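A.B. asks: Take this structure first; my questions come after.
The values are calculated or read from the model by the stated rules, or taken from the named source; none is laboratory data. All values reported here derive from a predicted model rather than from experimental measurement. Counting neighbours? That spans all protein chains shown, and the Cβs are built from the backbone with ideal geometry, glycine included. We work out accessible area using only protein heavy atoms, side chains counted, and drop any ligands, DNA or RNA first. Shrake-Rupley method; radii C 1.70, N 1.55, O 1.52, S 1.80 Å.
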Amino acid sequence: MTPFLTIIIPCYNSELYLKDCLDSIRTQGFTDFEVLMIDDGSTDRTGCIIDDFSGVDSRFKAIHQQNGGVSSARNAGLKAATGEWICFIDSDDTLKPDALNTLTNLADNESDIVFAGYEIFNNKPFNIPQPITSVKTNVELALELFAPSDYNYMGYSVAKLFRRSIITDNDIHFDESLFYNEDRLFNLSFLLYTRKGMYTTVPVYNYIERAGSAMVAIEGPSFWKFETDLDAFIKMIAIAVKFGSDKLIGLVNRQTYGSYLYNLHLNKKYGHNNSIANRRLNAKIRTALTRKQYYSMEAARRISSFKSSVYNTYVRLARLSK
């Protein structure tokens, strides 16, 4: 019998956290699901753990593949999925106790996607917004990816439901060439083909930040991987234009420019200002933005930098005068 929901979990060397993740799914009140656990070439006991779960509960299915990265693992899950809806979970995170009921109750016949809230655990206070649930158009949801109303960031592929027929009918997949921003690119690609969706601030997902996470690794020897963040934004520019929203296009353009600047910063800090890398970054941004767009943003940045410099000088002199 076809399940209502397919849960896809990319797993790589996650033996320390994987059982907590899987237990948080198995104990949900909603039970009409299959879980595709994709072992992405792990070298620890991850493969054994997912085999054990699949042997005990037939809803849990183990898939083993050579290491190809998180996008490759998610794509393998999409190919094997049979559910009407798709849900992604990372193997070192967990679901809130009633997460699947909250999500599936919002998955009606008129909606193609469900956005839900989350909680971040990183030894810092995290404020959960007031509970709000509403219907949003695909443009409104696309704007949430770049200028979220209630959370700091909504570009994750987790804490969401996706109607699988839209993925299969339009050959939507994760870009395996990207190390960063691949999930937001997937979300935007999906939203282009949707009618509307449900949006709730109710948290359904526990996002647990760990010392070795990809975002933490930006500042360090692997900084060069972050250039794919810019590559993802450049691809999102082409998609954003198809929505016909000037606001969305402007947001994507500005954040593309921001990614370009941060990549220049990383190259200067960790790449010793490599001239080949700088020329490559410059070529990419000039291909992505028109000359007018580029110089407009550059002028705004310089004005902002000048104002900040003047303000900091004033504060320093004021302190010295006391």
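A.B. asks: Set Lys and Arg Cβ to +1 and Asp and Glu Cβ to -1, take the dipole of the chain about its Cα centre, and tell me which of Ile89, Phe146, Leu192 lies farthest positive.
C.D. replies: Phe146
A.B. asks: Take every Cα-Cα pair in segment 172-279 and report what % of them are more than 23 Å apart. Spell out each step's value before the answer.
C.D. replies: Values: 2305 of 5778 pairs.
That fraction is 40 percent.
A.B. asks: Arranged from highest to lowest average of other beta-carbon atoms within 10 Å per residue, in what order do the peptides 2-11, 295-304 appear? Please report the intermediate quantities before stating the final value.
C.D. replies: Details: 2-11: 21.6, 295-304: 12.3.
Put in order of decreasing packing, that is 2-11, 295-304.
A.B. asks: Among Glu140, Glu110, Glu119, determine the one that fluctuates most according to a GNM of the chain built with springs between C-alpha atoms less than 10 Å apart.
C.D. replies: Among Glu140, Glu110, Glu119, the largest mean-square fluctuation in the Gaussian network model of the chain belongs to Glu110.
A.B. asks: If you roll a 1.4 Å probe over the chain with all protein chains in place, what percent of the accessible area is carbon or sulfur?
C.D. replies: Values: 8560 of 16050 Å².
Taking all protein chains in place, the chain shows 53 percent carbon and sulfur surface.
A.B. asks: Now for a different question. How large is the convex hull of the Cα atoms of segment 123-222 per residue, expressed in Å³ as a whole number?
C.D. replies: Numbers: hull volume 12.0 nm³, N = 100.
Measuring per residue, one finds 120 Å³ for the Cα hull of segment 123-222.
A.B. asks: On to the next question. For segment 37-97, build the convex hull from the C-alpha positions and give me its volume per residue in Å³. It would help to have the intermediate numbers written out before the result.
C.D. replies: Numbers: hull volume 6.4 nm³, N = 61.
For segment 37-97, the hull spanned by Cα atoms encloses 104 Å³ per residue.
A.B. asks: Next question. Please give, to one decimal in nm, the separation of the simple spin-label points placed at Arg286 and Arg301, each 7 Å out from Cα toward the Cβ.
C.D. replies: Between Arg286 and Arg301, the simple spin-label model gives 1.5 nm.
A.B. asks: Using Cα pairs closer than 8 Å and at least 6 residues apart in sequence, work out the relative contact order for segment 60-167, in percent. Mind showing how you got there, number by number?
C.D. replies: Details: 67 pairs, mean separation 45.8, N = 108.
About 42 percent, as a whole number.
A.B. asks: Nearest 20 debye, what's the magnitude of the dipole of the chain about its Cα centre given +1 on Lys and Arg Cβ and -1 on Asp and Glu Cβ? Intermediate values should be presented prior to the final figure.
C.D. replies: Values: 36 positive and 36 negative charges, 466 e Å.
About 2240 debye.
A.B. asks: Distance check, please: which entries in Lys269/Lys292; Lys124/Lys160; Lys136/Lys284; Lys19/Lys196; Lys79/Lys136; Lys124/Lys225 exceed 31 angstrom between their Cα atoms?
C.D. replies: Details: Lys269/Lys292 29 Å; Lys124/Lys160 24 Å; Lys136/Lys284 33 Å; Lys19/Lys196 35 Å; Lys79/Lys136 28 Å; Lys124/Lys225 27 Å.
Beyond 31 Å: Lys136/Lys284; Lys19/Lys196.
A.B. asks: Ordered by packing density, taken as the mean number of other Cβ atoms within 10 Å over each peptide's residues, highest first, how do 261-273, 193-205 rank?
C.D. replies: On the way: 261-273: 15.6, 193-205: 19.9.
Result, highest mean Cβ count within 10 Å first: 193-205, 261-273.
A.B. asks: When the C-alpha atoms of segment 1-89 are aligned to their principal axes, what extent does each axis show, in angstrom, from largest down?
C.D. replies: On the principal axes, segment 1-89 reaches 33, 24, 18 Å in Cα extent.
A.B. asks: Which Cα, out of Ile303, Tyr17, Ser54, lies furthest along the positive dipole direction of the chain (beta carbon charges, K/R +1, D/E -1)?
C.D. replies: Ile303
A.B. asks: Using per-residue counts of other Cβ atoms within 10 Å, averaged over each peptide, order 244-252, 31-39, 129-137 from highest down. List each step's numbers first, then the result.
C.D. replies: On the way: 244-252: 16.3, 31-39: 21.7, 129-137: 12.7.
Per-residue Cβ counts within 10 Å, averaged per peptide and sorted highest first, yield 31-39, 244-252, 129-137.
A.B. asks: How much area per residue is accessible in the chain when the probe is 1.4 Å and only protein heavy atoms are counted (Å²)? Walk me through the numbers on the way to the answer.
C.D. replies: Details: 16050 Å² over 322 residues.
The answer is 50 Å² per residue.
A.B. asks: Considering only the chain, what is the antiparallel percent among its DSSP beta bridges, to the nearest 5? Walk me through the numbers before you get to the answer.
C.D. replies: Numbers: 12 of 37 bridges.
If we restrict to bridges inside the chain, about 30 percent are antiparallel.
A.B. asks: Rounded to two decimals, what is Rg over Rh for segment 38-143 when you use alpha-carbon atoms and the Kirkwood radius? Numbers along the way, then the final one.
C.D. replies: Numbers: Rg = 16.8 Å, Rh = 16.8 Å.
My calculation of the ratio gives 1.00.
A.B. asks: What does the charge dipole of segment 207-286 about its Cα centre add up to, to the nearest 20 debye, if the Cβ of each Lys and Arg holds +1 and the Cβ of each Asp and Glu holds -1? If you can, show how the numbers build up before the last one.
C.D. replies: Working: 12 positive and 6 negative charges, 52 e Å.
Result for segment 207-286 is approximately 240 debye, rounded to the nearest 20.
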